[in-house]
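Asks: There's a structure below that I have some questions on.
The values are calculated or read from the model by the stated rules, or taken from the named source; none is laboratory data. Here the structure is a predicted model, which means the values were calculated and not measured. Every residue, glycine as well, gets a Cβ built from its backbone with ideal geometry; the counts of neighbours run over all protein chains shown.
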Amino acid sequence: MTADSLREYLGALESCGDLHRIDEPVSWNLEASAVTLLLNEADGDVPLFEDVDTARLVGDPYRGSQRRPWDRIALGLGLPRDLSYEEYYESVIDRLKDPIEPRIVSHDDAPCKRRIQTGEDVDLLDYPWPYIHAGDGGRYSNLHTLIAPDPDSEWVDWSYHRSMIHDSETSSVLLLAGEQTPNLYYYKYERRDEPMPVAIAVGVEPAVQYTSVMWIPTGRNEAEYAGGLKREPVDLVPCETNELMVPASAELVIEGEILPNERRDEGPFGDYFGYMHGPRRSMPLFRVTGITSREDPIIPFCVEGTGVGETENATSSMEVGCVGPDATLGLRTAGFDVQCIAPWKSTPRTVYVISTETTDPSYLHDMANFIFTTWGMLHVDFFVFVDADVDPLDQRAVIEALALHADPDADFHQFGVETMPKVPLNIYQTPTEKGDIQTGTSKAKTAKAYIDATSAGDADPDDRFRDDSADIDRRYRARRILERAGVETGDLPFAETEADR
Amino acid sequence: MAGKYVTSENNLPDDPEGEEIRLQVSDEETKEIFDIKARVDRDPENLADPERLTVVKGPHENIEEEWYLDVIETDDGKQVDSALLEATMEDVNDQSTVINTRSEEVKTLLQYLTERGEFESVSEASRTIMLEYLSDAYPDLVSEYIDLKVESERSELASELREGE
């Protein structure tokens, strides 16, 4: 059965022997994250810290086992833990195809309303937000769902953006243009000089957490997809100080608004690349107007940066277990033949591997274009395409496909040179290239890339240079696609004009 | 080991030593982030009551330098006195809301704008312009006022609903 709350999910972990309760008082200042880091590295249990000043913390609760990163995420959906990744993927895809409308519950029926702070009572520092890495710019909430509405429609986006706590009433939020909520803020609210109402729901039920890391197309009701994953409606309840609806089962809800044309320092922070990243940048200011919670709330956090190499954390496991199936469904819905998409293990978000039956180069280019202009715009640097019978989660199989089938002359493609936005947390751009611009992304735009490691590209050498008129149509189409992507095709051997077809 | 306060090199002006400056700092223990007015110096002997300030530098802020500071003010001096504001709101509730001021210059300019059609009346002009100025010059005060007003209206409505039950 799908867990109805974070607490119920932790109970399920405990039943499997995967939860470790720590009764001794633990400090939010590096100690909780250090213990979690060591457990992540040791592929151990999930730690629940029962005594952290005024509340409780749980470290990387959705971290899967190193061998099967989706297994605990499956538990949160009531799926068997021993499903193969194919079975798991297809189960999640099936559920996402069947969204279920949320249900509104009353204030009294909402567990997240047991304690309420508004007005002068609001104090963010009442809660033990963790200081996660030495050298971070501040304490962070970094495993939550950020809820923000489109001012011009009924659409409400659920997403995730880390937030650095400043004082009792304010925090800064990492908003990078190119993602859905930041686009709402920078290009609608801030341009109109209006505050964006926001709720940050912390410690939500698994189906809601999984949905908030998925890419749900703009305009679609995120709560319905969470309901689909859960196979029953998600309960929502109105906020106290704004008009947003929030998951009623959340451990804690921070209500407020992100103000236009105000910036505060955000970072440094050790983020998913695995490195301490700075310097601090100027990010939008979140002003808190209300905090509601359960009794004795549990605040989840992620030791970001440990999801690299062989180690898993909540982020890396959710990329495999949540983003992977969602992206697969998204591409199939857009008409692309995709067997499976998965992040290349050890690189949460940066590199994705896609297995596909259809390996025609222009088809792969169309697919890359779709991904780089939607969910892959900011975080994904390059893709590797492999045959349908190659397991994207199998490191060795992917490297073997690269070594055997990727011709450096023909199969390595740059995309959108000097035009694609870049997440500024990368480690290969200089501080000058990153800058500190108004909309958060790096000042210098870069390229993306994809590698065709499918075997069908291994044409007979004699065929490569044949001048077959049946290819003219394909070459003309290829030229048009490349030109749209900004490639200068004048010197390439393509059909010149429509008349040549 | 970090000092009591931590700040970034980016938060210090050029040649800050000896000057009274406003800077953003973090409290090393609580990690709270706030603005203070202080004198900073690398040499504690140059300060009256020095406390340790760690200045972090470099593209990843992982290089630390030990400085010192004398705290002059821990807020920006414009912190809103909520109790006073609330009391003022109650007083004004019982008073006339007419504001009187005598100025030939202001009257002339406002009347000109009104006759040009930018405002419906001198009264509307003065109201609009004063509120715009207050929002720009005293944003925290205006924000606190709105919060208190909303809270007061919410409490009033809640107690009316309870009486109606």
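Asks: Answer yes or no: is there a residue in segment A:148-161 that is under 21 Å from B:Ile33 (Cβ atoms) and of a type outside the set (Phe, Trp, Tyr).
Replies: Yes; the residues of segment A:148-161 include at least one that is under 21 Å from B:Ile33 (Cβ atoms) and of a type outside the set (Phe, Trp, Tyr).
Asks: Give the residues of segment B:123-152 that are over 11 Å from the mean Cα position of the chain (by Cα), within 10 Å of chain A (Cβ to nearest Cβ) and of a type outside the set (A, V, I, L, M), sorted by residue number.
Replies: B:Asp147, B:Glu151, B:Ser152, listed by residue number.
One line per residue, one yes/no per condition, for (1) free of Cβ contacts under 8 Å to residues at least 40 places away in the same chain; (2) within 12 Å of chain A (Cβ to nearest Cβ); (3) at negative phi:
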| site | (1), (2), (3) |
| --- | --- |
| B:Val6 | no, yes, yes |
| B:Glu32 | yes, yes, yes |
| B:Asp35 | no, yes, yes |
| B:Asn46 | yes, no, yes |
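Asks: Residues being under 17 Å from the mean Cα position of the chain (by Cα) and within 14 Å of chain B (Cβ to nearest Cβ): count how many of those fall in segment A:143-172.
Replies: 1
Asks: Output the number of residues of segment A:100-120 satisfying the condition of being over 29 Å from A:Gly59 (Cβ atoms) and either within 12 Å of another protein chain (Cβ to nearest Cβ) or in contact with a Lys or Arg (Cβ under 8 Å, 6 or more places away or on another chain) (or both).
Replies: 5
Asks: Return the total of residues in segment A:249-295 being part of a strand (DSSP E or B), more than 9 Å from every other protein chain (Cβ to nearest Cβ) and of a type in the set (Ser, Thr, Tyr).
Replies: Total satisfying the criteria: 3.
Asks: Residues B:Val106, B:Val98: which one is among the hydrophobic types (A, V, I, L, M, F, W, C) and loosely packed, with under 12 Cβ neighbours inside 10 Å?
Replies: Of the residues listed, the single one that is among the hydrophobic types (A, V, I, L, M, F, W, C) and loosely packed, with under 12 Cβ neighbours inside 10 Å is B:Val98.
Asks: A follow-up question, please. Looking at A:Asp98, A:Asp136, A:Asp167, A:Asp126 in this structure, which one is over 29 Å from A:Asp23 (Cβ atoms), among the acidic types (Asp, Glu) and touching a residue at least 60 places away in the same chain (Cβ under 8 Å)?
Replies: A:Asp98
Asks: Quick check: anything in segment A:105-115 touching a Leu at 6+ places or on another chain (Cβ under 9 Å), surrounded by fewer than 22 Cβ atoms within 10 Å (Cβ to Cβ), in the same structural domain as A:Ile291 (by TED's automatic domain parsing) and of a type outside the set (Lys, Arg)?
Replies: Yes, because at least one residue in segment A:105-115 is touching a Leu at 6+ places or on another chain (Cβ under 9 Å), surrounded by fewer than 22 Cβ atoms within 10 Å (Cβ to Cβ), in the same structural domain as A:Ile291 (by TED's automatic domain parsing) and of a type outside the set (Lys, Arg).
To keep it simple, each residue is scored yes or no on (1) at pLDDT 85 or above; (2) farther than 22 Å from A:Glu357 by Cβ.
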position: A:Thr419; (1), (2): no, yes
position: A:Tyr428; (1), (2): no, yes
position: A:Pro431; (1), (2): no, yes
position: A:Ile437; (1), (2): no, yes
position: A:Lys443; (1), (2): no, yes
position: A:Ala447; (1), (2): yes, yes
position: A:Ala453; (1), (2): yes, no
position: A:Ala456; (1), (2): no, no
position: A:Ala459; (1), (2): no, no
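Asks: Looking at B:Gly3, B:Gly18 in this structure, which one is crowded, with 16+ Cβ neighbours inside 10 Å, more than 21 Å from A:Glu266 (Cβ to Cβ) and modelled with pLDDT under 90?
Replies: One residue alone meets the criteria, B:Gly3.
Asks: In the set A:Gly203, A:Gly219, A:Gly228, which member is more than 14 Å from chain B (Cβ to nearest Cβ), in contact with a Leu (Cβ under 6 Å, 6 or more places away or on another chain) and either under 25 Å from A:Pro130 (Cα atoms) or surrounded by fewer than 18 Cβ atoms within 10 Å (Cβ to Cβ) (or both)?
Replies: Checking each option against the conditions leaves just A:Gly203.
Asks: Does segment B:140-163 contain at least one residue that is over 25 Å from A:Glu257 (Cα atoms), touching a residue at least 24 places away in the same chain (Cβ under 8 Å) and not aromatic (Phe, Trp, Tyr)?
Replies: The answer is no; no qualifying residue exists.
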